């Protein structure tokens with residue numbers, strides 16, 4: 001297992017993959033360690049939202065970044081697609097909540113659109129990885 005991780009860390013990481021790893025890490029660290037600030041950035045009232053839920057979101061993002069970073073070429077398409085599926089669920093959730101009136105348009109743009117970018121990057125990484133490792 002350690003040998004596989006060492007091998008995956010020593011291989012060249014694509015620019016989209018590293019971009020998504022860095023974005024997820026930034027979001028994860030900010031949500032985990034500064035949940036009130038992260039809530040404000042995403043347009044959620046930090047007084048009415050739970051710092052605990054924001055931290056859960058942060059740890060999820062860090063886990064997705066970590067597994068994307070160390071995924072072997074064989075597993076990269078699956079790992080990237082799973083992350084993209086989670087991001088797609090976040091987009092759908094954002095749209096549902098905007099329609100219900102529980103989140104603002106700003107939150108849809110900062111959170112939902114951000115999740116859409118993450119999903120697009122993830123699906124692109126999965127597609128490229130499948131092409132390189134059929």
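The values are calculated or read from the model by the stated rules, or taken from the named source; none is laboratory data. Since we're looking at a predicted model, the values are computed, not measured. For neighbour counting, all protein chains shown are included, and Cβ atoms are generated from backbone atoms with ideal geometry for every residue, glycine included.
Miscellaneous remarks
- If the condition is being in contact with a helix residue (DSSP H, G or I) (Cβ under 6 Å, 6 or more places away or on another chain) and touching a residue at least 24 places away in the same chain (Cβ under 8 Å), then region 80-107 contributes 80, 81, 83, 84, 87, 88, 90, 91, 103.
- Enumeration of residues in region 57-74 that are surrounded by fewer than 17 Cβ atoms within 10 Å (Cβ to Cβ) and outside any helix (DSSP H, G or I): 72, 73, 74
- Flag if residue 129 is touching a residue at least 24 places away in the same chain (Cβ under 8 Å), surrounded by 14 or more Cβ atoms within 10 Å (Cβ to Cβ), touching a helix residue (DSSP H, G or I) at 6+ places or on another chain (Cβ under 8 Å) and farther than 16 Å from residue 24 by Cβ: yes
- Residue identified as assigned to a helix (DSSP H, G or I), farther than 30 Å from residue 128 by Cβ and under 15 Å from the mean Cα position of the chain (by Cα) among 54, 78, 88, 25: 54
- Filtered residues of region 85-125 (kept if within 17 Å of residue 13 (Cβ to Cβ) and crowded, with 20+ Cβ neighbours inside 10 Å): 118, 121, 122, 125
- Test: residue in region 102-109 that is at pLDDT 95 or above and farther than 23 Å from residue 18 by Cβ: no
- Region 28-43, subset in contact with a helix residue (DSSP H, G or I) (Cβ under 6 Å, 6 or more places away or on another chain) and not in a helix (DSSP H, G or I), residue farthest from residue 104 (Cα to Cα): 42
- Filter result for residue 71 (more than 13 Å from the chain's Cα centre (by Cα) and more than 26 Å from residue 127 (Cα to Cα)): no
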